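Visitor: Below you will find the structure I want to go over with you.
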Amino acid sequence: MDTTAALKPIVMLLFALLLTTAAEGVDPCATHDDLSIMHVYGRCSPFDPPKPEPTWANTVLDMASKDPARVRYLSALAAEKAVAVPIAPGQQVIGVGNYVVRVKLGTPGQTMYMVLDTSNDAAWAPCAGCTGCSSSTVFTPNSSTTYAPLDCSLPQCTQVRGLQCPTTGSASCFFNQTYGGDSSFAATLVRDSLTLGTDVVPNYAFGCISSTSGRSLPPQGLLGLGRGAMSLLSQTGPLYSGVFSYCLPSFKSYYFSGSLKLGPAGQPKGIRTTPLLKNPHRPSLYYVNLTAISVGAVLVRVDPALLAFNPATGAGTIVDSGTVITRFIQPVYEAVRDEFRKQVHGPFSSLGAFDTCFAATSEASSPVVTFHFQELDLRLPMENTLIHSSAGSLACLAMAAAPNNVNSVLNVIANLQQQNLRILFDTINSRLGIARELCN
């Protein structure tokens, strides 16, 4: 059965309900629960898009232009040799977050919209009195009855880089971090209650930001969903049993949001899975074994060594929530692109990060792209394969080559290719699951 055809009546019904709701003056965002995931510029996000307000296609183009910096950062992480997972590596270039989730910090809870990041462990938020912070919404420690700064002598502080602790005596755990290439912040490692939906996590360690410079910092902070020592999964222990999943809404879904599910309960049954691989040098990253790629009925010829997992060099493939479009190292991408071009009617042109754009009238000839993982094949829906120009006249292959730098060995499965899929992370059993789902 054609899944797209089956979903079409549901989409039409939801759209009709949305129109009815809007006509009645009811806020469609009011029903969203605390673990809704929304695009940073979606209708239900508190953040305003740039002015003049761009089309969704131009928004994606702008976000994708920041991907190279993030992929360089991820490649640097993959090659890192430190076993202890830091809250603040000396030079971080994470990039602008695309999806946010509503959480509460402190007692009583103060609402913050934090960026989700599966390749980072730390959580951090702007705090009252912050110099240079861009958001008027900040965490106020003095209003929380459960807030406490962490001392340099505590174990959590030993996992922080950029640390400024005295060699003798006691002091608060203070650190500096560079972020986004043109930004930096100073923070104190603190602990307080973190509320996620109806769950309250006591004594959650996070960075309380006191000053910033630059414009790349997520305005209300970041929630790290990696699997290192300072991550949400590590700090919550048996509460979530090392399991979470998300469903990311399409960038085009202005009024709708996806969801974050924490813990084994409520996760899809019988979901197809592939092994999660462990890189002991960088345990935060979610590596998977991508064995091959098909374009249509053609298995693309790629040297297996270019896809192979190698902990020593950081090579392999990761699943990441913060990169916009999937990036393959250059020889892999060129092989996929060239086969795609063979099967689509040209001519081809470039648009921003995309080098394989063609007349949208030829879209019907576009082949299905399939990622072959160990024990799992993911056939990408066309909405996860192509992006259209703002005028709608061009369709582009929504993938690109990774930056060609000295450590360009990492392939990244990005969030545009994950949209309207339930992505399950089971760190205890080392499995990653994928199931089709209408996230909106």
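Visitor: Go through the residues of the range 307-325 one by one and say whether even a single one is touching a residue at least 12 places away in the same chain (Cβ under 8 Å), of a type outside the set (A, V, I, L, M) and closer than 17 Å to F354 by Cβ.
Guide: yes
Visitor: Ok, one more. Being more than 29 Å from V200 (Cα to Cα), under 19 Å from the mean Cα position of the chain (by Cα) and open to solvent by less than 60 Å² (accessible area, probe 1.4 Å) narrows it down to one residue among F251, F244; which is it?
Guide: On the way: F244 fails: more than 29 Å from V200 (Cα to Cα).
Only one candidate qualifies: F251.
Visitor: Counting just the residues of the range 363-393 that are surrounded by 14 or more Cβ atoms within 10 Å (Cβ to Cβ) and of a type in the set (S, T, Y), which one comes out farthest from K252 (Cα to Cα)?
Guide: Once the filter is applied, the top-ranked residue is T370.
Visitor: Out of L432, L410, L438, L416, report the one residue that is touching a residue at least 40 places away in the same chain (Cβ under 8 Å) and open to solvent by 10 Å² or more (accessible area, probe 1.4 Å). Don't jump to the end; show me each part of the working.
Guide: Details: L432 fails: open to solvent by 10 Å² or more (accessible area, probe 1.4 Å); L410 fails: open to solvent by 10 Å² or more (accessible area, probe 1.4 Å); L416 fails: open to solvent by 10 Å² or more (accessible area, probe 1.4 Å).
Matching residue, one of L432, L410, L438, L416: L438.
Visitor: Would you please name the residue that is farthest from L225 (Cα to Cα), looking only at residues in the range 327-339 that are of a type outside the set (S, T, Y) and open to solvent by less than 60 Å² (accessible area, probe 1.4 Å)? Outline the logic, then answer.
Guide: In the first step, residues of the range 327-339 are kept if they are of a type outside the set (S, T, Y); the result is 327-332, 334-339.
Remaining after also requiring open to solvent by less than 60 Å² (accessible area, probe 1.4 Å): 327-329, 332, 335-337, 339.
Details: R327: 21, F328: 23, I329: 25, V332: 28, A335: 32, V336: 30, R337: 31, E339: 35 Å.
Filtering the range 327-339 for residues that are of a type outside the set (S, T, Y) and open to solvent by less than 60 Å² (accessible area, probe 1.4 Å), the one farthest from L225 (Cα to Cα) comes out as E339.
Visitor: From the list P141, P155, P166, P149, which one is more than 24 Å from I37 (Cβ to Cβ), modelled with pLDDT of 90 or more and open to solvent by 50 Å² or more (accessible area, probe 1.4 Å)?
Guide: Working: P141 fails: open to solvent by 50 Å² or more (accessible area, probe 1.4 Å); P155 fails: modelled with pLDDT of 90 or more; P166 fails: modelled with pLDDT of 90 or more.
So the residue among P141, P155, P166, P149 that is more than 24 Å from I37 (Cβ to Cβ), modelled with pLDDT of 90 or more and open to solvent by 50 Å² or more (accessible area, probe 1.4 Å) is P149.
Visitor: State whether the residues of the range 225-233 include one that is in contact (Cβ under 8 Å) with a residue 12 or more places away in the chain, open to solvent by 10 Å² or more (accessible area, probe 1.4 Å) and within 12 Å of W124 (Cα to Cα).
Guide: Step one: filter the range 225-233 for residues in contact (Cβ under 8 Å) with a residue 12 or more places away in the chain, giving 225-233.
Cutting the leftovers down to open to solvent by 10 Å² or more (accessible area, probe 1.4 Å) gives us 227, 229, 233.
Cutting the leftovers down to within 12 Å of W124 (Cα to Cα) gives us none.
No, there is no match, as no residue in the range 225-233 is in contact (Cβ under 8 Å) with a residue 12 or more places away in the chain, open to solvent by 10 Å² or more (accessible area, probe 1.4 Å) and within 12 Å of W124 (Cα to Cα).
The values are calculated or read from the model by the stated rules, or taken from the named source; none is laboratory data. Given the structure is predicted, the values throughout are model-derived calculations rather than measurements. Quick reminder, even Gly has a Cβ in these numbers, built from the backbone with ideal geometry, and neighbours come from all protein chains shown. For accessibility, only protein heavy atoms count, side chains too; no ligands or nucleic acids. Shrake-Rupley method; radii C 1.70, N 1.55, O 1.52, S 1.80 Å.
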